[in-house]
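Read through the structure below, which is laid out as structure tokens, and then see the notes.
The values are calculated or read from the model by the stated rules, or taken from the named source; none is laboratory data. Only a predicted model underlies this, so the values are computations on that prediction, with no experimental measurement involved. Don't worry about glycine lacking a Cβ; one is built from the backbone with ideal geometry, like all the others, and counts go over all protein chains shown.
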Amino acid sequence: MEFVTPVEIPSAPGTVTLGSRIMLLGSCFADNIGARLQRGGFDVCVNPFGTLYNPASLSGALSRLADPVPFAAQDCVETGLAGRLVCSWQHHTSFARGSVESFLEYANAALEQAAAYWQGADTLIVTLGTAFVWELVCDGRTVSNCLKRPAAEFRHRRLSVAEILAHLEKIRELAGSRKIIFTVSPVRHVGDGAHQGQLSKASLLLALDSCLSAHPEGACYFPAYELLLDELRDYRFYAADMKHPSEVAVEFIWERFLKAYLPKAELEKVAANEKAARFAAHRPMHQAAE
């Protein structure tokens, strides 16, 4: 008897290898997979603008990497965070710093390093989190993060499938000949209600299907969202907030990712690299011990 709905993932060994140079952009699920790729010995660059959630911000981030114009004082915004920290509309709040000077130094160093990495990257992994965007009322720009600013400064809406598709096409164009793995984050976005959250994920999936159907070469879809909802399908595989996947769930999805895309000959090497990373992170119980 089968007690799960199996999710079939087309096998494509060699899509990623230990020799790949991989750029990851997207939601916190991209951070999770990026961390595991690093522990597995892969050469990666993960979210150089911080965690990003919507397709507009993701295509904007990739445009900035392709044409790395440095951030300037006019890009700086005082956040609503404690301490009058400074950030920009293109960054996650993790980039916020105590002054314009320190923010620009940090953001531009990250941009320079990531742009150089992007020039030599051969693989792009994009994780879409939500179809909802926040736009500035003053000029209509989509922001990557509201920076704890007053809600009256923003307009909140869901992108249409056509709008999402346009951003995906831009990402595909900017990627050029690089391999692309698209995925939809399994993290539940329920701030607008359960129904709107499902419409958001459905909009992302419909746009991705159109994009990949039109341009199947060099791009594929990894079903992280479907693995959690269909194969795991239980709240015990969620973290305490009931929105994010648990460590066990992320590990399960990670194993399916490797099985689908990594050459079998490299699986043992990745496992050995992960074991070494865990050992290196281990803190001895008795500091005086050898």
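From the list 149, 158, 172, exactly one residue is crowded, with 21+ Cβ neighbours inside 10 Å and not hydrophobic (A, V, I, L, M, F, W, C). Which is it? Walk me through how you get there before you give the answer.
On the way: 149 fails: crowded, with 21+ Cβ neighbours inside 10 Å; 158 fails: crowded, with 21+ Cβ neighbours inside 10 Å.
After ruling out the rest, the residue left standing is 172.
Restricting the first member to region 9-26 and to residues that are of a type in the set (S, T, N, Q), and the second to residues that are assigned to a loop (DSSP other than H, G, I, E, B), the beta-carbon pairs closer than 9 Å and six or more apart or on different chains are 15/262; 17/42; 17/262; 17/263; 20/42; 20/121; 20/122. Number of residues in region 170-207 that are over 15 Å from the mean Cα position of the chain (by Cα) and closer than 17 Å to residue 24 by Cα: the value is 9. Candidates 77, 46: the one that is among the β-branched types (Val, Ile, Thr) and in contact (Cβ under 8 Å) with a residue 40 or more places away in the chain is 77.
May I ask you to say which residue of 247, 290, 266, 274 is at pLDDT below 95, among the acidic types (Asp, Glu) and under 23 Å from residue 15 (Cα atoms)?
On the way: 247 fails: under 23 Å from residue 15 (Cα atoms); 290 fails: under 23 Å from residue 15 (Cα atoms); 266 fails: at pLDDT below 95.
On inspection, the qualifying residue turns out to be 274.
The set of residues in region 201-245 that are of a type outside the set (A, V, I, L, M, F, W, C), within 16 Å of residue 166 (Cα to Cα) and crowded, with 19+ Cβ neighbours inside 10 Å contains only 203. Residues in region 211-249 that are within 18 Å of the chain's Cα centre (by Cα), in a helix (DSSP H, G or I) and farther than 30 Å from residue 172 by Cα: 247 alone. Entry remark, region 10-38: residues being more than 17 Å from residue 245 (Cβ to Cβ) and either β-branched (Val, Ile, Thr) or at pLDDT 95 or above (or both) number 11 in total. Applying the set (1) among the aromatic types (Phe, Trp, Tyr); (2) touching a Phe, Trp or Tyr at 6+ places or on another chain (Cβ under 6 Å); (3) in a helix (DSSP H, G or I) to residue 252 leaves exactly one unmet item: (2). Taking the condition in contact with a Pro (Cβ under 6 Å, 6 or more places away or on another chain), assigned to a helix (DSSP H, G or I) and more than 27 Å from residue 189 (Cα to Cα), does residue 114 pass? Spelling it out, residue 114 is indeed in contact with a Pro (Cβ under 6 Å, 6 or more places away or on another chain), assigned to a helix (DSSP H, G or I) and more than 27 Å from residue 189 (Cα to Cα).
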